[in-house]
Each structure stands twice: as structure tokens, then as C-alpha cells.
Amino acid sequence: MSRFLNVLRTWLVMVSVIAAGNTLQSFRDHGFLSEKLYTASPGLVNGLQARTFGVWTLLSSLIRCLCAVDIRNRT
């Protein structure tokens with residue numbers, strides 16, 4: 001495997017792990033969303049938005065991890 005694919009695989013796994021951490025954080029406490037992401041209007045953030053963000057981030061994390069495992073698949 002080429003060096004570029006190894007670097008890409010490492011990068012995808014690292015970003016996937018970070019996204020999984022964000023998922024856990026959004027399910028545990030939705031206060032970080034209003035403090036870090038939605039600073040313009042933190043009062044509009046509720047638990048449903050935090051869980052929706054968490055599910056979306058979890059799915060994108062799984063896709064990144066699967067792409068890192070099967071890096072040769074062009075689809």
C-alpha cells in the first residue's frame with residue numbers, strides 16, 4: 001500500500017474517533033452545543049437538537065471508519 005493511502009487511512013480513523021467523542025458528548029450534555037457551536041443564539045438549543053446532531057455525527061463517524069478499513073473500495 002502506498003504511503004499516501006496509509007496517511008489517509010490514519011487521518012480517517014483519527015477523525016472518526018474524534019467524531020465518536022463528539023457523539024458521546026452531545027448525548028451526555030447538550031450544553032456544549034450552545035457554548036461551542038451555537039454561540040449566536042444559545043437559547044435555541046434543546047435536547048432534541050443535541051440528539052439529532054449526535055446521531056448525524058455518529059453515522060458520519062461510522063462511514064469514515066468503514067472507509068478507512070476498506071480504503072481500496074472506489075465506490
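The values are calculated or read from the model by the stated rules, or taken from the named source; none is laboratory data. These numbers were taken from a predicted model, which means no experiment stands behind them. In case anyone asks, the SASA skips ligands and DNA or RNA and just uses the protein heavy atoms, side chains included. Shrake-Rupley method; radii C 1.70, N 1.55, O 1.52, S 1.80 Å.
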The chain - mean residue ellipticity at 222 nm from DSSP helices (-39,500 (n - 2.57) per run, n ≥ 4, rounded to 500) = -23000 deg cm²/dmol
message = What do you get for the angle between helix 3-28 and the principal long axis of the chain? Use alpha-carbon atoms, 0 to 90 degrees, nearest ten.
response = 20 degrees
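Leaving ligands, DNA and RNA out of it, report the carbon-plus-sulfur percent of the accessible area of the chain at a 1.4 Å probe.
Of the solvent-accessible surface of the chain, carbon and sulfur hold 65 percent.
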query = Among 64, 51, 28, whose mean-square fluctuation peaks in a Gaussian network model of the chain (Cα, cutoff 10 Å)?
reply = 28
remark   = Using alpha carbon positions and the Kirkwood radius, the Rg to Rh ratio of the chain is 1.13
key: Degrees separating the helix 47-69 axis from the principal Cα axis of the chain, which is the longest one   = 10 degrees
